[in-house]
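See below for the structure under consideration.
The values are calculated or read from the model by the stated rules, or taken from the named source; none is laboratory data. Note that this is a predicted model, so its numbers are computed, not measured. Note that each Cβ is placed from the backbone with ideal geometry, even for glycine, and that neighbours are counted across all protein chains shown. Heads up: the accessible areas ignore ligands, DNA and RNA and are worked out on the full protein's heavy atoms, side chains in. Shrake-Rupley method; radii C 1.70, N 1.55, O 1.52, S 1.80 Å.
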Amino acid sequence: DFLLPMTSRSCGATGCTSASAHFNGSIDLNGSPASRLINYGQLTVGSPAASYNITVNLGQIYNYSGKIDIYGSITMNSTGDGSNQIQNGDMFIVEQNVTTHGWSIVVNTDSMIIRGSLVNGSDFTNAAGAYLQTGSDFFNQSKQNAKFNNNGYVLVGRNFTNDYNGIMTGDGGGGMKIRGVSTNNGTITGTQDICDSTANATTKMDNNNGMV
């Protein structure tokens, strides 16, 4: 485990600052049992001049409080049992792309900003009151155990696609705004408010080949 605790603080005349860590290199979580990256402070991977990635083969990322900023991409692979997880309770920023595969789990209860694309193959929950933003496309796959549960707010910077047999649900008054082309080839259920100014008034999608 790598633990970055809020309790390790530097205090001076102007107050206290939380712990911080900066990685100038990529991180692979390959534990047996699962490795854990736990943040209560400020964690940075890479820099604007040097992008580095996080690959989760067997492990979990917990951002309980504070900020994680990754100047690269995250890939979360499948273990077949839900062992690979991202749990975010504060500010989580990925400067490039996020790709998740079947049987992995993502839970966002605060703010997750992805500057590039999100390719979701996980059981992904955007909780009530949470905010998820992609700077580019959002592709919701039909991997094993994959679905997108949205009870918060989502802003898609470009195109949104719900794959063939893809599942998107939401019963907590969630909303999604899509700035590009919206396509549904799977199933969208619940009480979500989908906003796409060019979409069909009934299906809420530009292209609907599935069920809404």
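Rounded to the nearest 20 debye, the dipole size of the range 95-212 about its Cα centre is 120 debye, using +1 on the Cβ of Lys and Arg and -1 on the Cβ of Asp and Glu. Farthest towards the positive end of the charge dipole of the chain, among the residues ASN185, TYR131, ASN200, is the Cα of TYR131, using unit charges on the Cβ of Lys, Arg, Asp and Glu. As a length-normalised measure over Cα pairs under 8 Å and 6 or more apart, the relative contact order of the chain settles at 10 percent.
Summary value for the range 75-136: 32 percent relative contact order, contacts being C-alpha pairs under 8 angstrom separated by 6+ residues.
Note that the chain presents 44 Å² accessible area per residue, ligands and nucleic acids not counted, probe 1.4 Å.
Under a straight-distance cross-link criterion of Cα-Cα below 12 Å, which aspartates and glutamates are reachable from LYS67, leaving out those fewer than 8 residues away in the same chain? Counting by Cα, and skipping residues close in sequence, LYS67 has these aspartates and glutamates nearby: ASP90, ASP110.
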